[in-house]
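K.L.:
Provided herewith is a single structure, encoded as structure tokens, for subsequent inquiry.
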Amino acid sequence: MRKKTFIAGVSAGLLLSVSVMTSMAQETMPSPAVETQDQKVQLDALVKDALANNADLQAAEARWRMTEHKVIPAGSLDDPRLSFAMSNYPIDSFSGDDTPMTGKEIQLSQKFPFPGKLAAREEVAGQQALWYRDVYQDARLQLVQKVKDAWYRLYFQQHAIDLSRENIDILNDVIRLTETRYEVGTGLQQDVLKAQVERSRLQDRLFNLEQQRTSIVAELNRLLNRPADTPLTPSKSLSATVVETGLTKLLSLARRHRPLFSGYEAMVDRYQAQRKLAKLDYYPDFNLFAGYRQREDIPGDPAEGADFVSAGVSINLPLWQGKRREAVAEADSALRMARGQLVDFGNRVDFTISDQFAQLTKNRKLVALFKTGIIPQAEQTFEASLAAYRVGDTDFLNLLDSLLTLYRYRIDYHRALSDHERSVARLEAAVGVELGSATAEN
């Protein structure tokens, strides 16, 4: 009689554990509005820290600024040249008053590129700076997406860990129940062994989940430029973002807001300017100079030691046409490359948006299905199996299967919710704008 009472007590304790597991979220969570706001504040703070401290983003900004500083020098004239010479001094005396041509000369010269070359060089450098500016702006979007992605993965890992621990506790109760039933002759030893094996499998899964959580925390801290072991605790609930913008509109928005589209257009303009510069290289540059020669008084010199002035112009002779033809051909190839990269980038963005929009739609439906249909039904099935097992109307394998099925569905619910938000983050990075509003999902 005492053993039967103990069995009933264990069964009641097991049923109580399941009831606590299925209702604890609703009982301990703050209101959806408060939790949603706290989650947004927490994630926004992480994003802000990443944008301020990420080393790779800082390097991208420095590279952009570096190319900006090349624009003015590219459009500027070369420095003028000032030269000083002592001309026509006789080697036997090195005297300045022996011959009429002896004198000290100072000369100033300035090189002037053929008209249009400076403007073309400045445009090449300016478009290059615009490319790196847009690369930096796009890197900001990708960094925000990486932070959000890691955060949502951390949310799933933490919930998977919590659910695994809860399920291990329930399996411990199940093991005690099967052991007691075996002792009194109403159960089978294989039921005890089966429950112990499932508990060990869950423990193995828990170890893997904890390792993965540690790796995600280290990854997120790397993005934030923090020590790898800095603790991070995700929100207890997650808000599903409602994206009301259709696929066609998203594809159109990307063309206007994704920075790399204008970046690739700047690359095309850069190679067009480079081709123009290569064509202008067929024409000569000019070098203007002016000089002044100071002479000593020389007896018998008709000019009586008068000083001389001189001025002139020199040009380079663009005789070697082969290298100029190759420079034009290089620019033509680069222009085709840039145009091809622009088209390919557009295709890749369109694919990413279409793929993530499909993933988002699927996961949104899964979240609703798990929350309103599958999980409540699985909870009822398990509670019914437990009640039937207590009175001997079902075998242990059915009870264990219903427990593990409930566990998998709860895990799948949080995975679908996490994947939904990860798809939203990828869409935002691909389109270049923040999307939608949030509704609380516990």
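K.L.:
In the range 275-287, which residues are open to solvent by less than 80 Å² (accessible area, probe 1.4 Å) and either of a type in the set (Gly, Ala, Ser) or not in a helix (DSSP H, G or I) (or both)?
P.N.:
Ala278, Asp281, Tyr282, Pro284, Asp285, Phe286, Asn287
K.L.:
Among the numbered criteria (1) open to solvent by less than 20 Å² (accessible area, probe 1.4 Å); (2) touching a residue at least 40 places away in the same chain (Cβ under 8 Å), which one does Ala378 miss?
P.N.:
In the conditions (1) open to solvent by less than 20 Å² (accessible area, probe 1.4 Å); (2) touching a residue at least 40 places away in the same chain (Cβ under 8 Å), Ala378 misses (2) alone.
Residues checked against (1) part of a helix (DSSP H, G or I); (2) basic (Lys, Arg):
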site	(1), (2)
Gln212	yes, no
Leu220	yes, no
Ala228	no, no
Lys236	no, yes
Ala240	no, no
Lys249	yes, yes
Leu260	yes, no
Asp269	yes, no
Ala273	yes, no
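K.L.:
Sticking with this structure for a sec: Can you pull out every residue in the range 102-148 that is more than 30 Å from Arg275 (Cα to Cα), assigned to a helix (DSSP H, G or I) and β-branched (Val, Ile, Thr)?
P.N.:
Of everything in the range 102-148, those that are more than 30 Å from Arg275 (Cα to Cα), assigned to a helix (DSSP H, G or I) and β-branched (Val, Ile, Thr) turn out to be Val144, Val147.
K.L.:
Also, I was wondering about something else. Consider the range 364-401. How many of its residues are farther than 16 Å from Ile170 by Cα, at pLDDT below 85 and among the charged types (D, E, K, R)?
P.N.:
2
K.L.:
Pick from Ser109, Ser95, Ser76: which is hydroxyl-bearing (Ser, Thr, Tyr), more than 30 Å from Arg222 (Cβ to Cβ) and either at pLDDT 95 or above or in contact with a helix residue (DSSP H, G or I) (Cβ under 9 Å, 6 or more places away or on another chain) (or both)?
P.N.:
Values: Ser109 fails: either at pLDDT 95 or above or in contact with a helix residue (DSSP H, G or I) (Cβ under 9 Å, 6 or more places away or on another chain) (or both); Ser95 fails: either at pLDDT 95 or above or in contact with a helix residue (DSSP H, G or I) (Cβ under 9 Å, 6 or more places away or on another chain) (or both).
Going through Ser109, Ser95, Ser76 in turn, just one is hydroxyl-bearing (Ser, Thr, Tyr), more than 30 Å from Arg222 (Cβ to Cβ) and either at pLDDT 95 or above or in contact with a helix residue (DSSP H, G or I) (Cβ under 9 Å, 6 or more places away or on another chain) (or both): Ser76.
K.L.:
Looking at (1) closer than 30 Å to Glu179 by Cβ; (2) open to solvent by 20 Å² or more (accessible area, probe 1.4 Å); (3) touching an Asp or Glu at 6+ places or on another chain (Cβ under 6 Å), which one does Arg422 not meet, given that it meets all the others?
P.N.:
(1)
K.L.:
Could you please find all residues in the range 313-338 being at pLDDT 90 or above and either in a loop (DSSP other than H, G, I, E, B) or touching a Ser or Thr at 6+ places or on another chain (Cβ under 9 Å) (or both)?
P.N.:
Ser314
K.L.:
What number of residues within the range 317-350 satisfy the criterion of being without any contact (Cβ under 8 Å) to a residue 24 or more places away in the chain and under 19 Å from Ala254 (Cα atoms)?
P.N.:
5
K.L.:
Could you please give the count of residues in the range 133-170 that are farther than 30 Å from Gln212 by Cβ and open to solvent by 50 Å² or more (accessible area, probe 1.4 Å)?
P.N.:
Number satisfying all stated conditions: 2.
Every residue, every condition in (1) buried (at least 19 other Cβ atoms within 10 Å of the Cβ); (2) touching a strand residue (DSSP E or B) at 6+ places or on another chain (Cβ under 6 Å); (3) closer than 30 Å to Asp56 by Cα; (4) acidic (Asp, Glu), yes or no:
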{"residue": "Gln203", "(1), (2), (3), (4)": "no, no, no, no"}
{"residue": "Ala218", "(1), (2), (3), (4)": "no, no, yes, no"}
{"residue": "Asn221", "(1), (2), (3), (4)": "no, no, yes, no"}
{"residue": "Pro227", "(1), (2), (3), (4)": "no, no, yes, no"}
{"residue": "Pro231", "(1), (2), (3), (4)": "no, no, yes, no"}
{"residue": "Pro234", "(1), (2), (3), (4)": "yes, no, yes, no"}
{"residue": "Thr245", "(1), (2), (3), (4)": "no, no, no, no"}
{"residue": "Leu251", "(1), (2), (3), (4)": "no, no, yes, no"}
{"residue": "Ala254", "(1), (2), (3), (4)": "yes, no, yes, no"}
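K.L.:
If only one of Ala384, Ala334 is among the small types (Gly, Ala, Ser) and open to solvent by 50 Å² or more (accessible area, probe 1.4 Å), which one is it?
P.N.:
On inspection, the qualifying residue turns out to be Ala384.
K.L.:
Quick check, is Glu123 within 26 Å of Tyr292 (Cβ to Cβ), surrounded by 15 or more Cβ atoms within 10 Å (Cβ to Cβ) and among the acidic types (Asp, Glu)? Don't jump to the end; show me each part of the working.
P.N.:
Details: within 26 Å of Tyr292 (Cβ to Cβ): no; surrounded by 15 or more Cβ atoms within 10 Å (Cβ to Cβ): yes; among the acidic types (Asp, Glu): yes.
No: the conditions fail for Glu123.
Yes or no, residue by residue, for (1) farther than 30 Å from Ala425 by Cβ; (2) modelled with pLDDT of 90 or more; (3) under 35 Å from the mean Cα position of the chain (by Cα); (4) hydrophobic (A, V, I, L, M, F, W, C):
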site	(1), (2), (3), (4)
Leu250	no, yes, yes, yes
Gln272	yes, yes, yes, no
Ala278	yes, yes, no, yes
Tyr283	yes, yes, no, no
Arg293	yes, no, no, no
Pro299	yes, no, no, no
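K.L.:
Across the range 64-98, what is the number of residues that are surrounded by fewer than 16 Cβ atoms within 10 Å (Cβ to Cβ) and among the β-branched types (Val, Ile, Thr)?
P.N.:
2
K.L.:
Being over 45 Å from the mean Cα position of the chain (by Cα) and open to solvent by less than 30 Å² (accessible area, probe 1.4 Å) is the filter here; which residues of the range 99-120 pass it?
P.N.:
Answer for the range 99-120, where residues must be over 45 Å from the mean Cα position of the chain (by Cα) and open to solvent by less than 30 Å² (accessible area, probe 1.4 Å): Thr102, Gly103, Ser109.
The values are calculated or read from the model by the stated rules, or taken from the named source; none is laboratory data. Please read all numbers here as calculations on a predicted model, not as lab measurements. All Cβ positions, glycine included, derive from the backbone under ideal geometry; neighbour counts span all protein chains shown. Quick note on the areas: whole protein, heavy atoms, side chains included, nothing else; ligands and nucleic acids left out. Shrake-Rupley method; radii C 1.70, N 1.55, O 1.52, S 1.80 Å.
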